[in-house]
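The next block holds one structure in the form of structure tokens; read it before the comments.
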Amino acid sequence: MAHPTITQLILGNNDLGDDGAVALFDFLSSPVEEERIITEISLNSCKIGNKGLDALSGFIAGNGRNTLKSLFLQNVRYVSFCQSKELT
């Protein structure tokens with residue numbers, strides 16, 4: 001049975017968080033899903049921080065046939081290295 005065609009991941013305004021983002025992008029990077037072409041990812045207001053953004057960037061970097069055209073990341077919880085240094 002063939003996979004249904006999914007080209008957009010619109011997951012905004014939910015509690016995905018870092019752990020959910022890591023699980024999602026690990027799955028999408030798996031051999032089972034390696035042929036899936038994602039053109040749009042929207043993770044606005046999903047409570048994603050550095051760990052989840054690292055998983056996303058790993059997925060994008062590892063996707064040799066990268067066809068991603070749109071990426072939406074409003075209201076993420078990214079802390080730059082400089083900011084985290086000041087907080088500790």
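The values are calculated or read from the model by the stated rules, or taken from the named source; none is laboratory data. Computed from a predicted structure; not experimentally measured. As a convention, Cβ positions derive from the backbone with ideal geometry for all residues, glycine included, and neighbour counts pool all protein chains shown.
Would you check if Phe25 is under 18 Å from Ile6 (Cβ atoms), at pLDDT 90 or above and outside any loop (DSSP other than H, G, I, E, B)? Give the derivation first.
Numbers: under 18 Å from Ile6 (Cβ atoms): yes; at pLDDT 90 or above: yes; outside any loop (DSSP other than H, G, I, E, B): yes.
Yes, satisfied.
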Count of the range 28-62 residues which are at pLDDT 90 or above and assigned to a loop (DSSP other than H, G, I, E, B): 6
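Please indicate, with yes or no, whether at least one residue in the range 7-19 is among the hydroxyl-bearing types (Ser, Thr, Tyr) and either modelled with pLDDT of 90 or more or out of contact with any strand residue (DSSP E or B) (no Cβ under 9 Å at 6 or more places or on another chain) (or both). I'd like the intermediate steps shown before the answer.
Restricting attention to the range 7-19, the residues satisfying the condition of being among the hydroxyl-bearing types (Ser, Thr, Tyr) are 7.
Adding the requirement that they be either modelled with pLDDT of 90 or more or out of contact with any strand residue (DSSP E or B) (no Cβ under 9 Å at 6 or more places or on another chain) (or both) leaves none.
So far as the range 7-19 goes, no, none of its residues is among the hydroxyl-bearing types (Ser, Thr, Tyr) and either modelled with pLDDT of 90 or more or out of contact with any strand residue (DSSP E or B) (no Cβ under 9 Å at 6 or more places or on another chain) (or both).
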